[in-house]
Every structure is written in C-alpha cells, then in structure tokens.
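Heads up, the thing below is written out as structure tokens.
The values are calculated or read from the model by the stated rules, or taken from the named source; none is laboratory data. Just so it is clear, the model here is predicted, and its values are computed rather than measured. No Cβ is skipped: glycine too gets one built from the backbone with ideal geometry, and neighbour counts run over all protein chains shown.
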Amino acid sequence: MSKLQAVLFDIDGTLLDNNEYHKKAWMQYLKDQGKEITDEDFNEYISGRTNKDAVEHLYGEMTEEESKKHYLKKEEIYRQMYQPYISPIDGLTEFLKELKEHNMMMALATSGIQENIDFMFKHVPIQQYFKEIKMKDVEKGKPEPEIFLKTAEAVQVPAEHCIVFEDSISGVQAGKAAGMKVVALTTTHSPEELHEADLVIKIILK
C-alpha cells in the first residue's frame, strides 16, 4: 500500500447512506407500474448494478433510450424521497480532508446518473475533493471491473496503485477483479457478506 496513488469512491452507500432510499424509490416506482420484487431479488439483481442492468432484469432486454424512460422516473422519486435526509457518511468530510492533505488523487467511480451526482454535491459540499469522472461509456456494470479500470485510466494511475471504497457485494467483486485493494463499508451488507474485501469497516448507522 506504500505505492497508493488514487482512491476511487463509489457513491451510493459509500459517500451517502442512501441505499434504503434507492430501494424505497424502486419499490414505489414498481408499485406505480403494478409490479413488485422481493428483498432477495433486489439485493441480488438491483443493488449495486447499473440502472440499465436493473431495468433489464425487471422488464427484459431493451435499448438505453428505452431503459431511460424507466430509471429516470425512479431516480426522480429517489431525489424527492431523500432530499430531506441527505447527509454524508459520518467521518467522510474529515477523511477526504486528510487524503487531500496527503496529496492523494480522489475520483468517483459510479454508475449513477449525472443528476444524482449534482444532487449530492448541491447538498453535501465535497465536490472540491474529487476529480469527477463521468462514466457514461461503461458498457458492463459491476461485478465486471470496467468502471474501476476506466476510472483508473482516466486519472492516469495504474490499477495496482488504486484502492476502492465500496459497499455492495458486486462493487467489491468489481474492485478485486480490477486488481485493486478494496475497502468495504457495512452500510448495506454484513461484514460476512463483504468478506472478499481487503478491509471491512463497520459503519454505525444513525
């Protein structure tokens, strides 16, 4: 770890403790559509995945434009639900300041849409710490490593010199598949479920 040069952050469940609101938004959207899914199905096929992958699991294969009609509405519901409660993970701001003091490169590696990134930065003033990376060209979502490999390439840091902060099982698997060290936060899963990570940090939720 002495050669660590960049820290790559997932957003949902890692910078924000918001996955329960994403879940509630999906459930509300599906209810409005006359559909429903189990918690097990959500955790396996929706949590940590790209919006397109989630929509295709629910509705079948479709184009990006077709899937947008579904997930943009769901994301609108999410922002409305979460806005009164949005806040960073406890200790996040102090941690980002410390990384900056050590001249560490920080980047976002997220499959979230730009509207959600802007929403976070509007309410949680941490944008100055990140070299923001827009990952619209990622074709294969987590657990495939593409998002982390492309983020590392964008900040011009070799994968073996990057560390990933994640909360989802698929995100941990993606980081490991990219050849990176992975720190997992227990905002969404138990330490046992995140056992593939190099380090698990137990988060005390409010």
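The rows are residues; the columns are (1) closer than 22 Å to Asp53 by Cα; (2) out of contact with any strand residue (DSSP E or B) (no Cβ under 7 Å at 6 or more places or on another chain).
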site: Val124; (1), (2): no, no
site: Lys131; (1), (2): no, no
site: Ala174; (1), (2): yes, yes
site: Lys181; (1), (2): no, no
site: Thr188; (1), (2): yes, yes
site: His195; (1), (2): no, yes
site: Asp198; (1), (2): no, no
site: Lys202; (1), (2): no, yes
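If Ser87 passes every condition in (1) closer than 30 Å to His161 by Cβ; (2) surrounded by fewer than 18 Cβ atoms within 10 Å (Cβ to Cβ); (3) touching a Leu at 6+ places or on another chain (Cβ under 8 Å) but one, which one does it miss?
Checking Ser87 against (1) closer than 30 Å to His161 by Cβ; (2) surrounded by fewer than 18 Cβ atoms within 10 Å (Cβ to Cβ); (3) touching a Leu at 6+ places or on another chain (Cβ under 8 Å), the one that fails is (1).
If you go through region 1-58 one residue at a time, how many are farther than 19 Å from Thr151 by Cα, of a type outside the set (Val, Ile, Thr) and assigned to a helix (DSSP H, G or I)?
Result for region 1-58: 27.
What about Ile204, is it at pLDDT below 90 and more than 17 Å from the chain's Cα centre (by Cα)?
Spelling it out, Ile204 is indeed at pLDDT below 90 and more than 17 Å from the chain's Cα centre (by Cα).
Report, ordered by the first and then the second residue, all pairs with beta carbons closer than 6 Å, sequence separation of six or more or different chains, a first member in region 102-127 that is in the same structural domain as Val155 (by TED's automatic domain parsing) and small (Gly, Ala, Ser), and a second member that is buried (at least 19 other Cβ atoms within 10 Å of the Cβ) and part of a strand (DSSP E or B).
Close Cβ pairs (under 6 Å, with a partner that is buried (at least 19 other Cβ atoms within 10 Å of the Cβ) and part of a strand (DSSP E or B)) amount to Ala107/Leu8; Ala109/Leu8.
Given the structure, is Ile86 over 28 Å from Lys176 (Cα atoms) and either assigned by TED's automatic domain parsing to the domain that holds Ile117 or in contact with a strand residue (DSSP E or B) (Cβ under 9 Å, 6 or more places away or on another chain) (or both)?
yes
Which pairs turn up if I take residues in region 53-65 that are closer than 13 Å to Leu30 by Cα and look for partners that are outside any loop (DSSP other than H, G, I, E, B) with beta carbon separation below 6 Å, at least 6 apart in sequence or on another chain?
Every condition considered, the pairs that remain are Val55/Ser67; Val55/His70; Val55/Tyr71; His57/Tyr45.
Of Gly48, Gly13, which residue is crowded, with 16+ Cβ neighbours inside 10 Å and in the same structural domain as Glu144 (by TED's automatic domain parsing)?
Gly13
Considering only residues that are in contact with a Cys (Cβ under 9 Å, 6 or more places away or on another chain) and of a type in the set (A, V, I, L, M), which ones fall in region 1-42?
Leu4, Ala6, Val7, Leu8
Can you name every residue in region 143-201 that is hydroxyl-bearing (Ser, Thr, Tyr) and surrounded by fewer than 16 Cβ atoms within 10 Å (Cβ to Cβ)?
Ser190
Of the residues in region 75-93, how many are free of Cβ contacts under 8 Å to residues at least 60 places away in the same chain and over 16 Å from the mean Cα position of the chain (by Cα)?
Counting residues in region 75-93 that are free of Cβ contacts under 8 Å to residues at least 60 places away in the same chain and over 16 Å from the mean Cα position of the chain (by Cα) gives 7.
Checking Glu160 against (1) within 14 Å of Phe9 (Cα to Cα); (2) among the acidic types (Asp, Glu); (3) touching a residue at least 60 places away in the same chain (Cβ under 8 Å), which test does it fail?
(1)
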